[in-house]
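> Here's a structure for you.
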Amino acid sequence: MLDFDLDKMLFTIPAEHHSKEEIRDILKKHPEVRFVSLVGIDIGGHDTDEKIPAGLFLEDIDKFLSVGVQTDGSSVVLPKIAELNNAKVDIIPDTEVNWYVDHNFKHIDRETGLPVGTLRIPSFLIHNDVAEVGARVILRDAIVNFKRDLLEIIKKNPYVLEHLPIDSVDDIEKIEITAATELEFWVKTPDDETDREQLSTAQILKEQYWKRTIGPVRTALEETMLLLDRYGLQMEMGHKEVGGVKAKLGNSGNYDHVMEQLEIDWKFSTAIQAADNENHIKYIVRDIFRLYGLDVTFMAKPMEGVAGSGEHTHMGLAAKLKDGRHVNLFAAKDMREDFLSPIGFGALMGILKNYDVVNPFVSATNDAFNRLKPGYEAPVCVVTSLGHGVELPSRNRTVLVGLVRDVENPLATRFELRAPNPKSNTYLVLAASYMAMLDGIKAALEARKTSKELEASISKDFEQEDFYLERDRLYRSELDVFEEYTSQERDVLFGRAPRTVWENICAFDDHAEKLEIFQRDNVMTPITLASYKEAIVGQWATELHNRIVPNTMDLVRNCVKCHDDSDCVDYDVVYWEKINEIRNFLGKDRLNEQCLLTRIVRALDSKDYDTASRLQVEMQGKVKELTDLYIIYKKNLF
């Protein structure tokens, strides 16, 4: 499909080639790059995309690189910061990360015969000329703060070097933070619907996981991976995930009825570069699969009862020494003696203890909570697994944070946060996670704890006192937390998991003291946190009011009576009565009683979010009951 000379196309302008002279030279050699776009990321994770003619950009490159372009801040997600009467926001290029070219494969440049390209430049948002705002800014500041403070903590607590292959803090040239994400997504032929039971059966039988792709899915996947390699992203793997059904070959000779779940992985980068990479990769995936007539969705849970899409986020930490060596700061000095170094244990404990306030950045949408249900490998319990022994690494897929380690390769030691999904704001997920880690590292090192002592802390019993972790919690389990504990036991031992966006964001008030970890050196100011909360609540309430409630009403109306009273059995009558009772409860008002959907709308209109959230949970239960009953009812009809 990509019948172009890829060797003639420009894909990336690396960070080391961002001098004005090099940019001019590169763009003049690639006239097919017709536009430039400065890509700012607001507090909600949305990116800007404006088309600046490349010629104009080159004519005034000094101005564009120094003062960027202006946007209407009230039109992006920056509540409480950029308001209607105070909406000046500038988009300023970031010259320290890679810039990528976005190719329009449907628009061919007549002079070169190549796709028209837009140079997308990751950028920072500046409000009123002084306040840097938005998700990229928060991540940048979090990483700067983490590196500086960690080095200072090590200097003040040099005992920790006894647990690392580093002789002196003076041997450290710099701290390095690395991150990577695993991107899962569903692809399907437009307008095709597949029976949920077929999808569920295929999933249970493991008919799709890591199977050979065929037809347009195979070609699109291969083209995507080869193209992303051109961007220097060093693709590691692409494969089928657990969800999906086998495509069918139609009479036309083309595959139709495509509905499959895929995953692609690429090598780690620095934290901000990793988030930028992921943002660009999603566009490439959409563009290539659409060329083959396939829709792509990055929703966390596109279909109820079938595997959702996660985006496991890997986070690492290393020190580059002046002699050129790289030392993993999470890894134990003796990998056969300890699971982690004190820094590694402190970081893990920091995430777990502070996850109440990290979670609002990880799971911020209704869709996210549709995926986070017990039993679907999506973590709902704030717990970790280290392994059954230091030489027996665990891959417990039921925990929130997994420890990834290889006894033979200390540099591979990292944490895998399993809760994010493809629509999570990776900039904020990483920023919040590393700030939480810093809190735990500081506590562990200032208490001068050894690896053995910290292993005992994180493995403590329920209601056992600890120097840092909370008394009424269990933080480590090597068991399947869904099989070995009841839901009541999970709530007691690991904390009650939030069920809605509102319950999740309320942690900012319920655990306000924990927000201090984000406010170190104003990484997230009080107004930033207030802005984020208002954005997330507004998004949740609007979607629930204007999309979920109407869609649920459509479902209620579509669950229609299908049997003839003169030609049916008692089974049909009984099941229809149950179905109709739920339909009326959900969607039909009476003179003296409002239906559930009306009560949700009224609660949202009056900003009674506690009630709206509680009723949303009740609605979800009733909808599941309705759909399950309707499937049984329909199957009994001839």
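> Out of Val33, Val39, I need the residue that is touching a Pro at 6+ places or on another chain (Cβ under 6 Å), assigned by TED's automatic domain parsing to the domain that holds Ile91 and not small (Gly, Ala, Ser). Which one?
Values: Val33 fails: touching a Pro at 6+ places or on another chain (Cβ under 6 Å).
Checking each option against the conditions leaves just Val39.
> Taking the stretch 361-406, which residues are among the charged types (D, E, K, R) and either within 15 Å of the chain's Cα centre (by Cα) or surrounded by fewer than 21 Cβ atoms within 10 Å (Cβ to Cβ) (or both)?
Scanning the stretch 361-406 gives Asp367, Arg371, Lys373, Glu377, Glu391, Arg395, Arg397, Asp406.
> Being among the charged types (D, E, K, R) and under 27 Å from Leu430 (Cα atoms) is the filter; apply it to the stretch 49-71 and report the residue that is nearest to the chain's Cα centre (by Cα).
Of everything passing the filter in the stretch 49-71, Asp49 is nearest to the chain's Cα centre (by Cα).
> A further question follows. Just to be sure, is Asp338 touching a residue at least 24 places away in the same chain (Cβ under 8 Å) and either crowded, with 24+ Cβ neighbours inside 10 Å or assigned by TED's automatic domain parsing to the domain that holds Ala456 (or both)?
In short, yes.
> Could you grab me the full set of residues in the stretch 56-92 that are within 30 Å of Leu27 (Cα to Cα), polar (S, T, N, Q) and in a strand (DSSP E or B)?
Selection gives Gln70, Thr71.
> Condition test on Lys147, is it in contact with a helix residue (DSSP H, G or I) (Cβ under 6 Å, 6 or more places away or on another chain) and surrounded by fewer than 22 Cβ atoms within 10 Å (Cβ to Cβ)?
no
> Given the residues Lys373, Lys353, which is the only one that is assigned by TED's automatic domain parsing to the domain that holds Gln519 and at pLDDT 95 or above?
None of the other options fit; the residue is Lys353.
> Sticking with this structure for a sec: Looking at the stretch 472-492, can you tell me whether even one residue there is touching a Pro at 6+ places or on another chain (Cβ under 8 Å), touching a residue at least 12 places away in the same chain (Cβ under 8 Å), under 17 Å from Ala419 (Cβ atoms) and assigned to a helix (DSSP H, G or I)?
yes
> What pairs come up if the first residue lies in the stretch 8-21 and is small (Gly, Ala, Ser), the second is surrounded by fewer than 18 Cβ atoms within 10 Å (Cβ to Cβ), and their beta carbons are under 8 Å apart, counting only those six or more places apart or on different chains?
Ala15/Thr95; Ala15/Glu96
> Being at pLDDT 95 or above, of a type in the set (S, T, N, Q) and over 14 Å from Tyr100 (Cβ atoms), is that true of even one residue in the stretch 274-285?
Checked the stretch 274-285: no residue is at pLDDT 95 or above, of a type in the set (S, T, N, Q) and over 14 Å from Tyr100 (Cβ atoms).
> Can you find, within the stretch 286-333, the residue that is surrounded by the most Cβ atoms within 10 Å (Cβ to Cβ) among those that are touching a Pro at 6+ places or on another chain (Cβ under 9 Å) and of a type in the set (Lys, Arg)?
Filtering the stretch 286-333 for residues that are touching a Pro at 6+ places or on another chain (Cβ under 9 Å) and of a type in the set (Lys, Arg), the one surrounded by the most Cβ atoms within 10 Å (Cβ to Cβ) comes out as Lys333.
> Tell me the residue from Asp7, Asp42, Asp47 that is modelled with pLDDT under 95, closer than 21 Å to Tyr231 by Cβ and buried (at least 20 other Cβ atoms within 10 Å of the Cβ), please.
Asp47
> So, one more: Of everything in the stretch 506-521, what is under 23 Å from Ser487 (Cβ atoms) and part of a helix (DSSP H, G or I)? Give them in sequence order.
Ala507, Asp510
> Of all residues in the stretch 522-544, count the ones that are outside any helix (DSSP H, G or I) and surrounded by fewer than 17 Cβ atoms within 10 Å (Cβ to Cβ).
1
> Determine whether the stretch 59-79 contains at least one residue that is touching a residue at least 24 places away in the same chain (Cβ under 8 Å), closer than 22 Å to Gly113 by Cβ and in contact with a Leu (Cβ under 7 Å, 6 or more places away or on another chain).
Taking every residue of the stretch 59-79 in turn, none turns out to be touching a residue at least 24 places away in the same chain (Cβ under 8 Å), closer than 22 Å to Gly113 by Cβ and in contact with a Leu (Cβ under 7 Å, 6 or more places away or on another chain).
> Counting only residues that are among the polar types (S, T, N, Q) and exposed (fewer than 11 other Cβ atoms within 10 Å of the Cβ), which one in the stretch 552-580 is modelled with the lowest pLDDT?
Going through the stretch 552-580, the residues among the polar types (S, T, N, Q) turn out to be 552, 558, 566, 580.
Checking the rest, the ones that are also exposed (fewer than 11 other Cβ atoms within 10 Å of the Cβ) come to 558, 566.
Working: Asn558: 96, Ser566: 88.
Step by step, filter the stretch 552-580, then rank; the result is Ser566.
> Which one is nearest to the chain's Cα centre (by Cα) among residues in the stretch 22-35 that are within 18 Å of Glu111 (Cβ to Cβ) and either part of a loop (DSSP other than H, G, I, E, B) or of a type in the set (A, V, I, L, M) (or both)?
Result: Val33.
> Consider Tyr100 against the criteria (1) outside any strand (DSSP E or B); (2) under 19 Å from Arg140 (Cβ atoms): it satisfies all of them except one. Which criterion is unmet?
Checking Tyr100 against (1) outside any strand (DSSP E or B); (2) under 19 Å from Arg140 (Cβ atoms), the one that fails is (1).
> In the stretch 422-459, which residues are in a helix (DSSP H, G or I) and out of contact with any helix residue (DSSP H, G or I) (no Cβ under 9 Å at 6 or more places or on another chain)?
Filtering the stretch 422-459 for residues in a helix (DSSP H, G or I) gives 426-446, 451-458.
Correct list: Lys452, Ala456.
> Given the options Leu597, Leu604, name the one that is part of a helix (DSSP H, G or I), touching a helix residue (DSSP H, G or I) at 6+ places or on another chain (Cβ under 6 Å) and either assigned by TED's automatic domain parsing to the domain that holds Glu516 or free of Cβ contacts under 8 Å to residues at least 60 places away in the same chain (or both). Can you show your working first?
Working: Leu604 fails: either assigned by TED's automatic domain parsing to the domain that holds Glu516 or free of Cβ contacts under 8 Å to residues at least 60 places away in the same chain (or both).
Exactly one residue qualifies, and that residue is Leu597.
> Out of all the residues in the stretch 360-381, is one or more closer than 29 Å to Glu162 by Cα and among the β-branched types (Val, Ile, Thr)?
no
> Of the residues that sit in the stretch 351-360 and are in contact with a Lys or Arg (Cβ under 7 Å, 6 or more places away or on another chain) and part of a helix (DSSP H, G or I), which one is surrounded by the most Cβ atoms within 10 Å (Cβ to Cβ)? Let's see the steps before the verdict.
Kept after step one, since they are in contact with a Lys or Arg (Cβ under 7 Å, 6 or more places away or on another chain), are these residues of the stretch 351-360: 354, 356-357.
Narrowing further to those that are part of a helix (DSSP H, G or I): 356-357.
Numbers: Asp356: 18, Val357: 24.
Among those that are in contact with a Lys or Arg (Cβ under 7 Å, 6 or more places away or on another chain) and part of a helix (DSSP H, G or I), it is Val357.
> Sort out which residues of the stretch 180-197 are at pLDDT 60 or above and either polar (S, T, N, Q) or in a strand (DSSP E or B) (or both), and write them in order of number.
Of everything in the stretch 180-197, those that are at pLDDT 60 or above and either polar (S, T, N, Q) or in a strand (DSSP E or B) (or both) turn out to be Ala180, Thr181, Glu182, Leu183, Glu184, Phe185, Trp186, Val187, Lys188, Thr189.
> Suppose we filter His103, His46, His127, His107 for residues that are free of Cβ contacts under 8 Å to residues at least 24 places away in the same chain and either farther than 22 Å from Leu430 by Cα or under 22 Å from the mean Cα position of the chain (by Cα) (or both); which single one remains? Give the derivation first.
On the way: His103 fails: free of Cβ contacts under 8 Å to residues at least 24 places away in the same chain; His46 fails: free of Cβ contacts under 8 Å to residues at least 24 places away in the same chain; His127 fails: free of Cβ contacts under 8 Å to residues at least 24 places away in the same chain.
On inspection, the qualifying residue turns out to be His107.
The values are calculated or read from the model by the stated rules, or taken from the named source; none is laboratory data. Small disclaimer: the values here were computed from a predicted structure and weren't measured. When we count neighbours, we look across all protein chains shown, and the Cβ atoms used for this are built from the backbone with ideal geometry, even at glycine.
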